[in-house]
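Note sheet for the following structure.
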Amino acid sequence: QVQLVESGGGLVQPGGSLRLSCAASGRIFSIAAMGWYRQAPGKQRELVATIGSGGSTNYADSVKGRFTISGDNAKNTVNLQMNSLKPEDTAVYYCNLVIKATSGAYPRDYWGQGTQVTVSS
């Protein structure tokens with residue numbers, strides 16, 4: 001079984017910064033991709049940023065230039081550095097890892113428990 005534990009959310013003023021972290025533990029053979037998603041009240045969950053096993057990154061247009069995703073496959077961690085935060089960034093943030101438990105297993109999606117980020121003055 002694989003578990004993901006997130007940390008780093010909180011309350012920050014507009015223009016401030018936060019760093020989210022997600023650590024995976026358990027039976028992990030390899031990680032195909034890592035990402036962060038968010039869900040604001042009354043809205044669907046949306047992609048924030050992803051990073052592939054080769055290091056290629058993808059960002060939502062709304063966060064480009066402000067957020068940076070980084071991953072460490074050796075440590076099974078993924079981070080999201082969020083700068084110049086805006087009130088519209090307020091949401092619950094979820095990490096997502098696509099993991100193979102064994103060499104012969106199919107990749108599976110795993111999700112963190114979610115961490116609240118609130119941007120308000």
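The values are calculated or read from the model by the stated rules, or taken from the named source; none is laboratory data. Keep in mind that this is a model prediction, so the values were computed, not measured. For neighbour counting, all protein chains shown are included, and Cβ atoms are generated from backbone atoms with ideal geometry for every residue, glycine included. Accessible surface is based on the protein model in full, side chains and every heavy atom, while ligands, DNA and RNA are left aside. Shrake-Rupley method; radii C 1.70, N 1.55, O 1.52, S 1.80 Å.
Considering only region 4-14, I want to know if a residue exists there that is assigned to a strand (DSSP E or B) and in contact with a Cys (Cβ under 6 Å, 6 or more places away or on another chain). Yes, some residue in region 4-14 is assigned to a strand (DSSP E or B) and in contact with a Cys (Cβ under 6 Å, 6 or more places away or on another chain). Each residue in region 55-112 was checked for being in contact with a Pro (Cβ under 9 Å, 6 or more places away or on another chain), open to solvent by 40 Å² or more (accessible area, probe 1.4 Å) and over 22 Å from Leu11 (Cα atoms), and 1 of them qualify.
Yes or no: Tyr94 modelled with pLDDT of 95 or more and either of a type in the set (D, E, K, R) or under 25 Å from Gln1 (Cα atoms) (or both)? Show your work before the answer.
Numbers: modelled with pLDDT of 95 or more: yes; either of a type in the set (D, E, K, R) or under 25 Å from Gln1 (Cα atoms) (or both): yes.
The answer is yes for Tyr94.
Under the condition of being at pLDDT below 95 and out of contact with any strand residue (DSSP E or B) (no Cβ under 8 Å at 6 or more places or on another chain), the residues counted in region 9-40 number 0. When region 15-38 is filtered for residues that are under 18 Å from Thr68 (Cα atoms), outside any loop (DSSP other than H, G, I, E, B) and open to solvent by 40 Å² or more (accessible area, probe 1.4 Å), the ones remaining, listed by number, are Arg19, Ala23, Tyr37. Cβ-Cβ contacts under 8 Å between residues 6 or more apart (or on different chains), taken from a first residue in region 1-29 that is at negative phi to a second residue that is among the acidic types (Asp, Glu), are listed as Leu20/Glu6; Ser21/Glu6; Cys22/Glu6. Condition test on Gly55, is it over 10 Å from the mean Cα position of the chain (by Cα), on the phi > 0 side of the Ramachandran plot and modelled with pLDDT under 95? Taking the combined requirement at face value, the residue satisfies it.
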